[in-house]
Amino acid sequence: MATNRKLETERDFQEAMDNERTVRVFQNDDMINPGGLIIRFDDSMIAVQSSVSDLDYYDRRTCEFYELRR
């Protein structure tokens, strides 16, 4: 069974990136990215790669990020 864990701190994002965990992105209670890997982050944005050619940048202040654990 899969569980979701909300990512909020620098440590949470670093751990998800290091362990190559799938991350879901929500904005205004809508899922805007069903799954990808964090490849970079800073104080204002998170870069999520969903496939080889699909790279998206999300604002940390307006989006919520959840790690999907299986």
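Here are the numbers for the structure shown:
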quantity: The lone exception for F13 - which of (1) under 9 Å from the mean Cα position of the chain (by Cα); (2) surrounded by fewer than 13 Cβ atoms within 10 Å (Cβ to Cβ) it fails; calculated: (2)
quantity: The range 28-68, residues that are closer than 17 Å to R11 by Cβ and of a type in the set (V, I, T); calculated: I38, I46
quantity: 1 or more residues free of Cβ contacts under 8 Å to residues at least 24 places away in the same chain and in contact with a Lys or Arg (Cβ under 8 Å, 6 or more places away or on another chain): qualifying strands (runs of 3 or more DSSP E) within the range 1-62; calculated: 30-41, 45-51
quantity: Residue list for the range 36-70, restricted to those being charged (D, E, K, R), surrounded by 16 or more Cβ atoms within 10 Å (Cβ to Cβ) and more than 9 Å from the chain's Cα centre (by Cα); calculated: R60
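Every number here is computed from the coordinates shown, using simple stated rules; none is lab data. Since the model is a prediction, treat every value here as computed from it, not as a measurement. Reconstructed Cβ throughout: ideal geometry from the backbone, glycine too, with neighbour counts over all protein chains shown.
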